[in-house]
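To start, the structure itself, in structure tokens.
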Amino acid sequence: MSRDHEQYEENVGAYLLGALPELEAEVFERHLDSCGSCRRELEQLRVASEALPRAVEPVVPPPELKESLMKTVWAEAAQREEAQPKRRWLRPFLERLPRLTPAIAAAAAVCVLAIGVGLGIGLSQIGGGNSKTLTALVDHSVAPSGAASLHVPGDRKNALLTVQGLPAPGAGRVYEVWVQRGGTMQPAGALFSVGTGGSGSAGIPGSLKGVEAVAVTAEHDGGALKPTQMPVLTVKLS
Amino acid sequence: MKQTKDLTRLADEELMHVAQGGDPHAFELLYDRHGGAAFSLAYRMVGTRAVAEDIVQEAFLSIWRSKVRYERERASVRTWVLGIVHHRTIDALRRNLVHERRRASAEGIEERLGARELTDVEAVRREEAREVRAALSTLPGEQSRVIELAYYGGFTHTQIAEMLDMPVGTVKGRMRLGLEKMRREMTGATA
């Protein structure tokens, strides 16, 4: 417990309710970084504060709201498309290919496992340009029924890691994703836990260009700057 | 439309990943799943449809433009979306110095969901709403009042202290005790 804990502990409820002015909220957040007691209380009381929006009487939003929102979204999607033009002669062909979605990626991973390829590095390309789904090497001494796959989009940005059969990371711990560049492990900026059946997933922000491997370790809440455990799974990219 | 059918099978977390990767279909489904709750919260807080619409539109556009990234380990998609809407609504309320708003009275009542319109999902959410309201109703009046003024009214602890003519420390203490009591009611915890 930090020395200034008593000065701040009364702020927990006000912070969760959004009742602290911006500056006070920032100061309290800095205190949270160094005060485990306040962090624990915050996580406990979050159950109540996060339930408050669910007590609101439901009101139907006007259809014009969705129309206006989607008009902007489609316009911006078209602009993004124009910024990354495909070769015109390829476009009709590409648009007929099935789109790669995480569901398809997950299904592909399950199929790979079903034929007994739980270990080793697998590569399956399932349409959608250069998108790839890579099967992970899982440490079965830690996760006997574990399996994982990494979906890498064609532009190598915003990859999605999907896991199954992983044990819970333990109290006060999370799974942290790492990327290996030049032989050095760096935080990928993605933490995740697992639900029923040990399943979970984590989006990896940014690009995987230059990344040799993606790995996952169990770390303390909030993650670590360097891996402190052996990887529970690894995906080789090169 | 096959593509949309495939997306409808995705859990919120996967759908959010696809949407923030730039897929408008996935984003539209996310809005369909959570836009109603987002609008209901904003409308409850500001009391006018036009302001609530602006807030929800800006909140969802910030998600689409990936100005805020979803982190699944922190909260469910619904909780995360509603948190963004709550923050934006508080910002909107605090920018308005007069703090003027019309509470949902005659306006909009006819648009509240009626029993005949309830889908199964909505029925579950109504049940959840009843449970949360029940937990709120167990609080002493002075605790529920400060919680409602803060969360739904967007008032700061100092504004609430002035309104209720009590020390700021008392307001903060009641917020904390009220949330703790709600938590115990909702989780069945004994301490």
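Listed by position, the strands (runs of 3 or more DSSP E) inside the range A:131-229 whose residues that are aromatic (F, W, Y) and crowded, with 19+ Cβ neighbours inside 10 Å number at least 2 are A:173-181. Of the set (1) part of a helix (DSSP H, G or I); (2) among the aliphatic types (A, V, I, L, M); (3) under 24 Å from the mean Cα position of the chain (by Cα); (4) at pLDDT 85 or above, all apply to A:A108 but (4).
If you check B:E53, B:E14, B:E73 for being without any contact (Cβ under 8 Å) to a residue 24 or more places away in the chain and assigned to a loop (DSSP other than H, G, I, E, B), only one passes: B:E73.
Taken over the range A:149-178, the residue count meeting the criterion of being within 12 Å of another protein chain (Cβ to nearest Cβ), over 21 Å from A:K226 (Cβ atoms) and hydroxyl-bearing (S, T, Y) is 1.
Checking each residue in the range B:162-191 for being more than 8 Å from chain A (Cβ to nearest Cβ) and more than 17 Å from A:E9 (Cα to Cα) picks out B:E162, B:M163, B:L164, B:D165, B:M166, B:R184, B:E185, B:G188, B:A189, B:T190, B:A191. Scanning the range B:10-25 turns up one or more residues that are at the interface with chain A (Cβ under 8 Å from one of its Cβ atoms), under 25 Å from B:A129 (Cβ atoms) and more than 16 Å from the chain's Cα centre (by Cα).
Which residue is surrounded by the fewest Cβ atoms within 10 Å (Cβ to Cβ), if the candidates are limited to the range A:36-80 and must be facing chain B (nearest Cβ under 8 Å) and of a type in the set (G, A, S)? Going through the qualifying residues, I end up with A:S68.
The values are calculated or read from the model by the stated rules, or taken from the named source; none is laboratory data. Since this is a predicted model, take the numbers as computed values, not measurements. Because the Cβ atoms are built from the backbone with ideal geometry, glycine has one as well, and the counts that use them run over all protein chains shown.
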